[in-house]
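**Student:** Starting off with a structure, shown below.
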Amino acid sequence: MKNIYKILIAFIGVLTVSCNADDVDNRTILDAVSIPEITSPATGKVFVLDANKPSEEVAKFTWSAATYSTDVVVKYTLLIDKKGGDFKAAKTLATSTNVTEVAVLAKDLNQAAIDLGAQTEVASMFDVKITSNVSGGFSQEGTKLITINVTPYTGKVTYNFTDWYLVGVAVDGGWDNNADTKHQPMFRDGKNATQYKFTGYFKAGNFKLISVKGSWDSQLGRAGNGVIEIKNNAGEFTISADGYYTFKFDTKELTYSLEPYNASAAKSFSTVGAIGDSTPGSWDVSTAMTKSTFNLHAWSLSKTALKDGGLKFRANDSWDVSWGGNTAFSGGGTGDNIPVAKSKYVIYFNDLDGSYLMIPNQE
């Protein structure tokens, strides 16, 4: 009886293999019949992008349909690369499914151009092509590239704030108010734009503040005990001895405080960097900041293009120590991703308390 069962099972196995082989032999073979090609816009099209109209449709790209030996769902990808590029580092402008046209917005074309190394406010040439695939395979690439001329914008965001910079014998940069001098800015409260704070190193001597680098107009200084004034030739604050201090003021209440700060237990970091999907290295690689030689807890990052997204600051290229915030441009003290709008920024950071200041719209 057992032998009969064994023979029956073996027969079923042979029958199953035979059926599977027949299925393979009879399966539909998919072949590419025609490749897609861009039909509009024409090569040589010029795009001068407007920073005030980021959501404007600047072009409608159309192409001929890719066809295959049977009806399938076709995914199209519109790619852009610098002129003469091999498209290995190309950026995706848009995608569609079974539709042979897409509308491209100014902000998307602008970001792609910048990501490919274009200088803002300068015309650059790019190649564009269309590709197709079916379920990730059977890829086809158009052979007729079009070349377009794109002038991307820097990216301007609304920034209605006043920044105050320390100037004087007691602070970095001395009394030189030149715009290129590395003056330490105050860190503005992220939720109350009239309140400012800075904790850091001061030398014995006097200082005041200016709101525009390179100008002595509209100074902020001491008017009396606990009181500030904002005017030309404002009074000076005095530091009696070298050391760390916390300096605060409120431009609405016109009050200030200046208190010693104990930095003896503060950690010292060899590196601090910005990291996040808005930064050049995304979440993979920190963008290194520069440590001040005057104040070893103050860091800065010169003009840097950031994307829409978020970022944090971290020490020593590790997540052991990191800082964040939940308010754009300035704030600190939380572990959130700092919200970032696309622009070029100068960034300041203080590792003593996690304060940050990000000034956009840099030329």
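The values are calculated or read from the model by the stated rules, or taken from the named source; none is laboratory data. All figures in this text were calculated on a predicted structure; none of them were measured in a lab. Glycine also receives a Cβ, built like all others from the backbone with ideal geometry; neighbour counts cover every protein chain displayed. Each accessible area value is taken on the protein alone, full model and side chains, heavy atoms only, with ligands, DNA and RNA left out. Shrake-Rupley method; radii C 1.70, N 1.55, O 1.52, S 1.80 Å.
**Student:** State all residues of the range 40-71 that are of a type in the set (A, V, I, L, M) and either touching a Phe, Trp or Tyr at 6+ places or on another chain (Cβ under 8 Å) or closer than 26 Å to Ala106 by Cβ (or both); if no residue qualifies, say none. Before you say what the answer is, go through the steps one by one.
**Tutor:** Our first condition is that a residue be of a type in the set (A, V, I, L, M); within the range 40-71, this holds for 42, 46, 48-49, 51, 58-59, 65-66.
Hits for the range 40-71 are Ala42, Val46, Val48, Leu49, Ala51, Val58, Ala59, Ala66.
**Student:** Looking only at the range 288-297, count every residue that is open to solvent by less than 30 Å² (accessible area, probe 1.4 Å) and among the hydroxyl-bearing types (Ser, Thr, Tyr) and tell me the total. If you could, list the steps in order and put the result at the bottom.
**Tutor:** Pass one, the range 288-297, residues open to solvent by less than 30 Å² (accessible area, probe 1.4 Å): 289, 292, 295, 297.
This time we only want the ones that are among the hydroxyl-bearing types (Ser, Thr, Tyr), so: 292.
Qualifying residue count, the range 288-297: 1.
**Student:** Would you check which residues across the range 95-121 are open to solvent by 20 Å² or more (accessible area, probe 1.4 Å) and among the aliphatic types (A, V, I, L, M) and list them? Working first, answer last.
**Tutor:** Let us first name the residues in the range 95-121 that are open to solvent by 20 Å² or more (accessible area, probe 1.4 Å), namely 95, 97-101, 103, 105, 107-108, 111, 114-117, 119-121.
Within the range 95-121, Val99, Ala103, Leu105, Ile114, Leu116 meet the criteria.
**Student:** Contact list please: Cβ distance under 7 Å, first residue in the range 295-312 and under 20 Å from Ala112 (Cβ atoms) and of a type in the set (Ser, Thr, Tyr), second residue open to solvent by 40 Å² or more (accessible area, probe 1.4 Å) and in a strand (DSSP E or B), pairs at least six apart or on different chains.
**Tutor:** Final answer for the pair search is Thr304/Lys344.
**Student:** Would you point out the residue of the range 122-142, among those that are hydroxyl-bearing (Ser, Thr, Tyr) and modelled with pLDDT of 85 or more, that is surrounded by the most Cβ atoms within 10 Å (Cβ to Cβ)?
**Tutor:** Here is the first cut: in the range 122-142, the residues hydroxyl-bearing (Ser, Thr, Tyr) are 124, 131-132, 135, 139.
Then drop every residue that is not modelled with pLDDT of 85 or more, which leaves 124, 131-132.
Values: Ser124: 18, Thr131: 21, Ser132: 23.
Per the criteria, the residue is Ser132.
**Student:** Tally time: how many residues in the range 46-86 are of a type in the set (Lys, Arg) and out of contact with any strand residue (DSSP E or B) (no Cβ under 7 Å at 6 or more places or on another chain)? Lay out the reasoning, then the answer.
**Tutor:** In the first step, residues of the range 46-86 are kept if they are of a type in the set (Lys, Arg); the result is 53, 60, 75, 82-83.
Checking which are out of contact with any strand residue (DSSP E or B) (no Cβ under 7 Å at 6 or more places or on another chain) leaves us with 53.
Residues flagged as of a type in the set (Lys, Arg) and out of contact with any strand residue (DSSP E or B) (no Cβ under 7 Å at 6 or more places or on another chain) within the range 46-86 amount to 1.
**Student:** May I ask you to verify whether Ala274 is of a type in the set (A, V, I, L, M), surrounded by fewer than 21 Cβ atoms within 10 Å (Cβ to Cβ) and in a strand (DSSP E or B)? Explain how you work it out, then say what you get.
**Tutor:** On the way: of a type in the set (A, V, I, L, M): yes; surrounded by fewer than 21 Cβ atoms within 10 Å (Cβ to Cβ): no; in a strand (DSSP E or B): yes.
It is false that Ala274 is of a type in the set (A, V, I, L, M), surrounded by fewer than 21 Cβ atoms within 10 Å (Cβ to Cβ) and in a strand (DSSP E or B).
**Student:** Within the range 233-253, can you find the residues that are assigned to a loop (DSSP other than H, G, I, E, B), farther than 22 Å from Asn160 by Cα and open to solvent by 50 Å² or more (accessible area, probe 1.4 Å)?
**Tutor:** Pass one, the range 233-253, residues assigned to a loop (DSSP other than H, G, I, E, B): 233-236, 240-242, 251-253.
Restricting the remaining residues to those that are farther than 22 Å from Asn160 by Cα gives 233-236, 240-242.
Listed by number, the residues that qualify are Asn233, Glu236, Ser240, Asp242.
**Student:** Return the residues of the range 62-98 that are assigned to a strand (DSSP E or B), without any contact (Cβ under 8 Å) to a residue 40 or more places away in the chain and of a type in the set (Lys, Arg); say none if nothing qualifies.
**Tutor:** Pass one, the range 62-98, residues assigned to a strand (DSSP E or B): 62-63, 67-68, 75-82, 91-97.
From what's left, without any contact (Cβ under 8 Å) to a residue 40 or more places away in the chain: 62, 67, 91-97.
Result: Lys91, single match.
**Student:** Please determine, by comparing only the residues of the range 26-47 that are modelled with pLDDT under 95 and among the hydroxyl-bearing types (Ser, Thr, Tyr), which one is most open to solvent (accessible area, probe 1.4 Å).
**Tutor:** Thr28
**Student:** Separate question: Taking the residues in the range 329-341 that are touching a residue at least 40 places away in the same chain (Cβ under 8 Å) and in contact with a strand residue (DSSP E or B) (Cβ under 6 Å, 6 or more places away or on another chain) as candidates, determine which candidate is farthest from Met186 (Cα to Cα).
**Tutor:** To start, the set of residues in the range 329-341 that are touching a residue at least 40 places away in the same chain (Cβ under 8 Å) comprises 329-332, 337-338, 340-341.
This time we only want the ones that are in contact with a strand residue (DSSP E or B) (Cβ under 6 Å, 6 or more places away or on another chain), so: 329-330, 332, 337-338, 340.
Working: Phe329: 13, Ser330: 10, Gly332: 13, Asn337: 21, Ile338: 18, Val340: 20 Å.
Among them, the one singled out is Asn337.
**Student:** Across the range 277-297, which residue is farthest from Ile230 (Cα to Cα) among those that are polar (S, T, N, Q) and outside any strand (DSSP E or B)?
**Tutor:** Applying the first criterion (polar (S, T, N, Q)) to the range 277-297 yields 278-279, 282, 286-287, 290, 292-293, 295.
Okay, now just the ones that are also outside any strand (DSSP E or B), so 278-279, 282, 286, 292-293, 295.
On the way: Ser278: 36, Thr279: 36, Ser282: 41, Ser286: 39, Ser292: 28, Thr293: 29, Asn295: 26 Å.
Taking the candidates together, the pick is Ser282.
**Student:** Right, here's the next one. Under the condition of being of a type in the set (D, E, K, R) and in a loop (DSSP other than H, G, I, E, B), which residue from the range 298-355 is most open to solvent (accessible area, probe 1.4 Å)?
**Tutor:** From the range 298-355, those of a type in the set (D, E, K, R) are 303, 307-308, 312, 314, 317, 320, 336, 342, 344, 351, 353; that's our starting set.
Next, only the ones that are in a loop (DSSP other than H, G, I, E, B) stay: 307-308, 317, 320, 336, 342, 351, 353.
Numbers: Lys307: 77, Asp308: 98, Asp317: 101, Asp320: 139, Asp336: 70, Lys342: 30, Asp351: 13, Asp353: 49 Å².
Filtering first and then ranking leaves Asp320.
**Student:** Do we find a residue being at pLDDT below 95, within 30 Å of Glu56 (Cβ to Cβ) and in contact with a Pro (Cβ under 7 Å, 6 or more places away or on another chain) anywhere in the range 160-172? Give the steps one after another, and end with the answer.
**Tutor:** Let us first name the residues in the range 160-172 that are at pLDDT below 95, namely 160.
When the remaining residues are screened for being within 30 Å of Glu56 (Cβ to Cβ), the result is 160.
Of the ones still in play, those that are also in contact with a Pro (Cβ under 7 Å, 6 or more places away or on another chain) are none.
No; the residues of the range 160-172 include none that is at pLDDT below 95, within 30 Å of Glu56 (Cβ to Cβ) and in contact with a Pro (Cβ under 7 Å, 6 or more places away or on another chain).
**Student:** Against the conditions (1) of a type in the set (D, E, K, R); (2) more than 29 Å from Glu259 (Cα to Cα); (3) exposed (fewer than 14 other Cβ atoms within 10 Å of the Cβ), where does Lys191 fall short? Just the number, please.
**Tutor:** (2)
**Student:** Tell me, yes or no, whether the range 260-271 has at least one residue that is in a strand (DSSP E or B), in contact (Cβ under 8 Å) with a residue 24 or more places away in the chain and surrounded by 14 or more Cβ atoms within 10 Å (Cβ to Cβ).
**Tutor:** If we filter the range 260-271 for residues that are in a strand (DSSP E or B), which is where we start, we get 260.
Narrowing further to those that are in contact (Cβ under 8 Å) with a residue 24 or more places away in the chain: none.
No, the conditions are met nowhere in the range 260-271.
**Student:** Please find, within the range 48-61, the residue that is most open to solvent (accessible area, probe 1.4 Å) out of those that are assigned to a loop (DSSP other than H, G, I, E, B) and acidic (Asp, Glu). Explain how you work it out, then say what you get.
**Tutor:** Let us first name the residues in the range 48-61 that are assigned to a loop (DSSP other than H, G, I, E, B), namely 49-56.
With acidic (Asp, Glu) added as a condition, the list becomes 50, 56.
On the way: Asp50: 58, Glu56: 86 Å².
Ranking the qualifying residues of the range 48-61, first place goes to Glu56.
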